[in-house]
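Heads up, the thing below is written out as structure tokens.
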Amino acid sequence: MLLFRNPPGVLARVLVAILAFAACKREKKSPSKPAPTTAVPQSIPLDIWTEFSGQRALDHVRTQVEFGPRPAGSPELARAREKIAATLQACGWNTDAQEFTAQTPNGPVQMVNIIGRFPLERGNKAGASTQKVIVASHYDTKLFRTIAFVGANDGASSTGALLELARVLALDPGLAAKIELVFFDGEEALQQFTETDGLYGSRYYATQLRETGRAAQFKCGIVWDMIGDKDLTITLPQDSPRELTIAMLASADKLQCKNAFRIFERPMLDDHVPLNQIARIPSLDVIDFEYPPWHTADDTLDKLSATSLQTIGSVTLHYLKQNF
Ligand SMILES: [Zn+2]
């Protein structure tokens, strides 16, 4: 992930004003799980966003971190990938491994995006035409030769939360079938972010969407990245798609956690960019870029909290349930 250096635009100012107004109305509060409802087992939960468990998400994050540094092409990343696919399958998702060879400054590297799709009917194979929203995370960690970089927040936090999202969505098969879960390989630059180094997985995936015509079926994309910091402040990029941003902030407002979000003063270069620019799908980068241990050996599990993961999981689920 990298910052652009453009000046703030009109959208940013509008959104800052909206946020400031909303912040006046709400005191700081995390979404809390209400008392159990009378829903009978196996029925679809009405308030599905309350089913998301930050603690379960954090357990998945820990599992990813325990694989060690996971740069693209490494055996550690292959093991992390197997775990992701197995976890998805265990809660009813079909998985596709989208393999490709990336040309990097370090030579060709084999990379694999994992795509999860949910079958409309139990036991059937999931089709590829029911999905309307992409929810994505990268699961690789940045390559460092001098430090052991395990990417607890940068790589693992969003990956673990996405696995918990998969479990919760499976409780509502009709909703789950509208969602495409994507775990991108190669988000990190092998050397330094340029047009051709970094975002390998999302560039490949977005190009495939465009070339197969599948891009047209998607209404929007949501990319999670670095969402586990104990001190959570989501810094939405200045050039975020307007309608999607407003709808997501409305969900945050409903769950009384809008002050965990603000508009950043600049755009960012992250996996949402290929979705926006190559596939032309309005996509939002839900990222907390105010994270001092970013790209250091200190990006470890002790910096994260289950509450932060729960905030993002709940807000996203609320948005999905209300809009799809
Ligand atoms: Zn990174």
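Only the coordinates and a few stated rules stand behind these numbers; no lab work does. These numbers come from a predicted model, not from an experiment. Cβ coordinates were reconstructed from backbone atoms using ideal geometry, including for glycine residues, and neighbour counts include every protein chain displayed.
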Under a point-charge model restricted to the Cβ atoms of Lys and Arg (+1) and Asp and Glu (-1), what is the dipole moment magnitude of the stretch 48-323 relative to its Cα centre, in debye to the nearest 20? 840
Subtracting the Cα-Cα distance of residue 265 and residue 324 from 0.36 nm times their residue separation yields 18.3 nm
Note, residue 177: beta-carbon cut-off 13 Å, +1 each Lys/Arg, -1 each Asp/Glu, net +2
Using alpha carbon positions and the Kirkwood radius, the Rg to Rh ratio of the stretch 199-308 is 1.00
Sum of side-chain charges, residue 262 neighbourhood, beta-carbon under 11 Å (Lys, Arg +1; Asp, Glu -1): -2
Give me the extension gain from residue 290 to residue 192: residue separation times 0.36 nm, minus the current Cα-Cα distance, reported in nm with one decimal. 33.3 nm
How large is the dipole of the stretch 111-188 about the Cα centre if only Lys and Arg carry +1 and Asp and Glu carry -1, each at its Cβ, rounded to the nearest 20 debye? 240
Can you list the residues, at least 5 places off or on another chain, whose amide H is less than 5 Å from the amide H of residue 220, using H built in the peptide plane? 134
For residue 281, what residues show an amide H to amide H distance below 5 Å, using hydrogens built from the backbone and excluding near sequence neighbours? 276
Can you work out ³J(HN,Hα) from phi for every residue in the stretch 300-308, in order, using Karplus 6.51 cos²θ - 1.76 cosθ + 1.60 and θ = phi - 60°, giving whole Hz and x for Gly and Pro? 10, 4, 5, 8, 9, 9, 4, 4, 5
Amide H partners (placed H, <5 Å) of residue 234, local residues excluded: 261, 262
With 10 angstrom as the radius, rank 53, 157 by how many other C-beta atoms surround their C-beta, starting from the fewest. 53, 157
Cα-Cα over 30 Å, subset of 83/178; 125/258; 83/258; 125/254; 258/303; 125/230: 125/258; 83/258; 125/254; 125/230
Residue 132: which aspartates and glutamates have alpha carbons under 19 Å from its alpha carbon, excluding same-chain residues fewer than 8 sequence positions away? 96, 121, 172, 180, 211, 243, 271, 285
So how do 304-317, 259-272, 122-135 stack up, highest first, on mean other-Cβ count within 10 Å? 304-317, 259-272, 122-135
Stokes-Einstein D for the chain at 4 °C, 1.567 mPa s, Kirkwood Rh over Cα pairs, in µm²/s? 66
If R0 is 41 Å, what FRET efficiency do you get for residue 124 and residue 242 from their C-beta distance, rounded to 0.05? 0.65
